[in-house]
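Enquirer: Let me give you the structure first, and then I'll get to my questions.
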Amino acid sequence: MEIQVIQADITTLKVNAIVNAANSSLLGGGGVDGAIHRKGGSEILEACKKIRAQQGKCNTGEAVITTAGKLPSEYVIHTVGPVWNAGGKNKEELLANCYKNSLDLAIEHNIKTIAFPNISTGIYKFPKQLAAEIAIKTVATYKHKDTIDELYFCCFDQENYEIYHKLMADENLNID
Ligand code: APR
């Protein structure tokens, strides 16, 4: 699996799947969630509502998959990150689960190229450095990483971009 750190608007990426930092309602919001629903169109929301009707809310750390509607990607994988100051001890594990469960869904759908935003580091206020360390470590140790061809950490702000770049260089991750 080739991992790249890029700075971009994730809604512009032509990959098989982009990952959305959603909330448990799956009915949209601000940040990257807002951008995906705004640009992807109502098809995405309709698909989310169907999932809601079937399974109820999406719990923190879990992921669901829908069409990407009008976006250049084929799928959107919606995952719900932990809120940093919401209490509870296992925030780091829940964030790691966002990446793991999203990758599991990607494998199930034979997705070969995938882009992640910096989950929980915006409105949910998860510290960026720690979130990046969790994201990179989780991906680097993911059991089926060799069935994904390309993984992009799609940073929107400069701070995240620099954090990821430095971490990837320091870790000189030898990920095949
Ligand atoms: N492309 C890529 N990344 C983006 C984009 C975009 N178009 N817009 C925002 N981001 C980045 C933010 O800069 C941040 O680094 O996504 C990261 C996650 O921030 P949020 O979108 O605020 O998500 P999060 O912190 O996980 O909070 C989720 O916010 O939007 C609501 O409905 C969502 O309630 C949920 C909460």
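The values are calculated or read from the model by the stated rules, or taken from the named source; none is laboratory data. If you're wondering where the values come from, they're calculated on a predicted model, not measured in any experiment. When we count neighbours, we look across all protein chains shown, and the Cβ atoms used for this are built from the backbone with ideal geometry, even at glycine. Only protein heavy atoms, including side chains, enter the accessible area calculation; ligands, DNA and RNA are left aside. Shrake-Rupley method; radii C 1.70, N 1.55, O 1.52, S 1.80 Å.
Enquirer: In the stretch 35-51, which residue that is more than 14 Å from the ligand (Cβ to nearest atom) and either closer than 18 Å to K14 by Cβ or in contact (Cβ under 8 Å) with a residue 12 or more places away in the chain (or both) is surrounded by the most Cβ atoms within 10 Å (Cβ to Cβ)?
Expert: Taking the stretch 35-51 as the starting set, the residues that turn out to be more than 14 Å from the ligand (Cβ to nearest atom) are 41-43, 46-47, 49-51.
Right, trim to either closer than 18 Å to K14 by Cβ or in contact (Cβ under 8 Å) with a residue 12 or more places away in the chain (or both) and you get 41-43, 47, 49, 51.
Working: G41: 15, S42: 11, E43: 15, A47: 21, K49: 14, I51: 16.
Checked the stretch 35-51; the qualifying residue surrounded by the most Cβ atoms within 10 Å (Cβ to Cβ) is A47.
Enquirer: Here is a list of conditions, (1) farther than 22 Å from D33 by Cα; (2) basic (K, R); (3) out of contact with any Leu (no Cβ under 9 Å at 6 or more places or on another chain), and K145 meets all of them except one; can you say which number that is?
Expert: (3)
Enquirer: Would you mind finding the one in T79, T11 that is in contact with a Ser or Thr (Cβ under 8 Å, 6 or more places away or on another chain) and among the hydroxyl-bearing types (S, T, Y)?
Expert: None of the others qualify; the one that does is T79.
Enquirer: Select from the stretch 147-176 the residues that are in contact with an Asp or Glu (Cβ under 8 Å, 6 or more places away or on another chain), modelled with pLDDT of 95 or more and acidic (D, E) and list them in ascending order.
Expert: Once the filter is applied, which keeps residues that are in contact with an Asp or Glu (Cβ under 8 Å, 6 or more places away or on another chain), modelled with pLDDT of 95 or more and acidic (D, E), the stretch 147-176 yields D149, E150.
Enquirer: While we're looking at this one, here's another question. Looking at I77, I18, I3, which one is within 16 Å of P117 (Cβ to Cβ), near the ligand (Cβ under 9 Å from one of its atoms) and part of a strand (DSSP E or B)?
Expert: Only one candidate qualifies: I18.
Enquirer: If we keep just the residues of the stretch 87-125 that are part of a loop (DSSP other than H, G, I, E, B), of a type in the set (S, T, N, Q) and open to solvent by 30 Å² or more (accessible area, probe 1.4 Å), which is nearest to the ligand (Cβ to nearest atom)?
Expert: Here the answer is N90.
Enquirer: Among V80, V64, which is the only one that is in contact with an Asp or Glu (Cβ under 7 Å, 6 or more places away or on another chain) and either farther than 19 Å from C154 by Cα or β-branched (V, I, T) (or both)? Working first, answer last.
Expert: Values: V64 fails: in contact with an Asp or Glu (Cβ under 7 Å, 6 or more places away or on another chain).
Of the residues listed, the single one that is in contact with an Asp or Glu (Cβ under 7 Å, 6 or more places away or on another chain) and either farther than 19 Å from C154 by Cα or β-branched (V, I, T) (or both) is V80.
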